[in-house]
Amino acid sequence: MLDIRLIERGLEKPGKTKGGLATAMGVRPGAVSEILSGIRLIKASEIAPIMEYLELNSVPIMGRVGAGASIEPEHEQVPPEGLGDVELPFPIAEETIAFEVAGDSMLPKYENGDIIVVFRDQHHPLSSFYGEEAAVRLKTGERYLKTIERGKSATLVNLTSFNAKPISGVKLEWIGEICVTLPRGQIERLRNKALARTRKATKAPGGRTPEK
């Protein structure tokens, strides 16, 4: 069942309204308010249209993260809105962004072209990430996908890879905790599925019959 907070967050997005959601669900306008207030339960058949209309499983790809390559955001040709969206097979409860993996230094776990979904904000202290893989941005601006290891002081870290020399003694500006990894083959299947659904919806005559 969808969390009401997810729906409320989705309705805060530009262009998303209760009326638009009701139309997408095929229900009378007041039904959405009843769901948000807890008076009415969400039907199983309504979960998919809610997720699709509110884009609860859509995550923006905000650039590339270097696994071997050094990604310098100021030189990266990425529009402000990102490189497009990746649609997950489930809704995400937290604010997340995605990056495309560039390079092969993290093989065999991460391949060039994979997508990692990370939390937009860093919720935990640096020390809690020691020994963990994450997307990181250095104080000098470069962005990497690396394993974080403790450095010579509490403010310095060493970034290690499976197949490359470590980057030692650097300071981090941001850590993107990984919550989902999508292999490039799976991404292609998800995109094809979303495209097929869009084509089907476009060809379908009429639409849903609003509930009484």
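Here are the numbers for this structure:
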quantity: Inter-part distance where region 147-163 and region 81-116 are each reduced to a Cα centre, Å; calculated: 22 Å
quantity: Reach of Lys109 by Cα under 17 Å, taken over aspartates and glutamates that are not fewer than 8 positions away in the same chain; calculated: Glu100, Glu132, Glu133, Glu177
quantity: Amide proton proximity set for Cys179, modelled H, under 5 Å, gap of 5+; calculated: Val117, Val118, Phe119
quantity: Structure-derived volume of the Cα convex hull per residue in Å³ - corresponding label in [x] 136; [y] 112; [z] 162; calculated: [x]
quantity: Gained length - Ala196 relative to Lys18, 0.36 nm times residue gap less alpha-carbon distance; calculated: 61.5 nm
quantity: Helix-only mean residue ellipticity at 222 nm for the chain, each DSSP H run of n ≥ 4 adding -39500 (n - 2.57), per residue, nearest 500; calculated: -8000 deg cm²/dmol
quantity: Relative contact order for the chain, counting Cα pairs under 8 Å that sit 6 or more residues apart, in percent; calculated: 19 percent
quantity: Overall Cα dimensions of region 34-151 - principal axes, largest extent first, Å; calculated: 54, 32, 28
quantity: Accessible area per residue in Å² at 1.4 Å probe, computed on region 125-184; calculated: 50 Å²
quantity: With every protein chain in place, the chain: carbon and sulfur % of accessible area (1.4 Å); calculated: 53 percent
quantity: With DNA, RNA and ligands ignored, accessible area of Thr181 (1.4 Å probe; Å², nearest 10); calculated: 60 Å²
quantity: Whole-Å semi-axes of region 101-207's equivalent ellipsoid (Cα gyration tensor); calculated: 36, 16, 10
quantity: Qualifying lysines (Cα of each under 16 Å from Cα of Lys165; at least 8 residues distant if same chain); calculated: Lys146
quantity: Positive minus negative residues near Ile167 (Lys, Arg vs Asp, Glu; Cβ under 15 Å); calculated: +3
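The values are calculated or read from the model by the stated rules, or taken from the named source; none is laboratory data. Fair warning: this is a prediction, and the values are worked out from it, not measured in the lab. Here Cβ is always computed from backbone atoms with ideal geometry, including for glycine, and neighbour counts include all displayed protein chains. When the accessible area is computed, the model is the full protein with side chains, heavy atoms only, and any ligands, DNA or RNA have been set aside. Shrake-Rupley method; radii C 1.70, N 1.55, O 1.52, S 1.80 Å.
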